[in-house]
Amino acid sequence: MSAATGNVFLPQPALEPFTATFQRLEDGFRAGGKAALERQITAIIREAQKRRPQDVLSGLPLPRKPQPSLRDLVSGILGKSDKPMSVPEIYEATLVEGYQWRSQEPINALNVKMYTDRTFKKVSPGLFVLRRR
């Protein structure tokens, strides 16, 4: 079973948290009037502020744009470059290409990728090129 609201289509399980919240508000108003309702609303807002955006719809992840793998993107960047590149330069180039990093520390994630992936070759400390096959 599902519900449609304007342009938004939500499966029934996604509506359950909203239904439960509405029920809490209604019960609070019946029990204590306007002051109790205001306290309930404040508590619900504080709860919602602690949650990540993906948790709001019952754990459904937010849609992401499809993007190339990091290996493919960095391979393309290094393939276009005529000189070895450092990790910060590669990172800046990924941002220019529109890559959306999921990591909270993208430079560290890129460092790990550059030093562990056999697609890339370290030519001097901190400088990388695309390994030729």
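Values quoted throughout were computed directly from the atomic coordinates according to the rules given, and no laboratory measurement underlies them. For clarity, every value in this text was computed on a predicted model and none was experimentally measured.
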> Got a sec to turn the phi values of region 100-117 into Karplus ³J(HN,Hα) couplings, 6.51 cos²θ - 1.76 cosθ + 1.60 with θ = phi - 60°, whole Hz, x for Gly and Pro?
Replying inline: 9, 7, 8, 6, 6, 10, x, 5, 5, 4, 5, 4, 4, 4, 5, 7, 9, 7
>> Please list, ordered by chain and number, the residues whose modelled amide H lies under 5 Å from the amide H of residue 127; skip anything fewer than 5 residues away on the same chain.
In response: none
> HN-Hα J couplings of region 19-31 from phi, Karplus 6.51/-1.76/1.60, θ = phi - 60°, integer Hz, Gly and Pro as x?
Replying inline: 5, 5, 5, 4, 5, 4, 5, 5, 5, x, 5, 5, 6
> By a straight-distance test (C-alpha under 18 Å), which lysines pair with residue 113 as possible cross-link partners, with residues fewer than eight away in the same chain excluded?
Replying inline: 121, 122
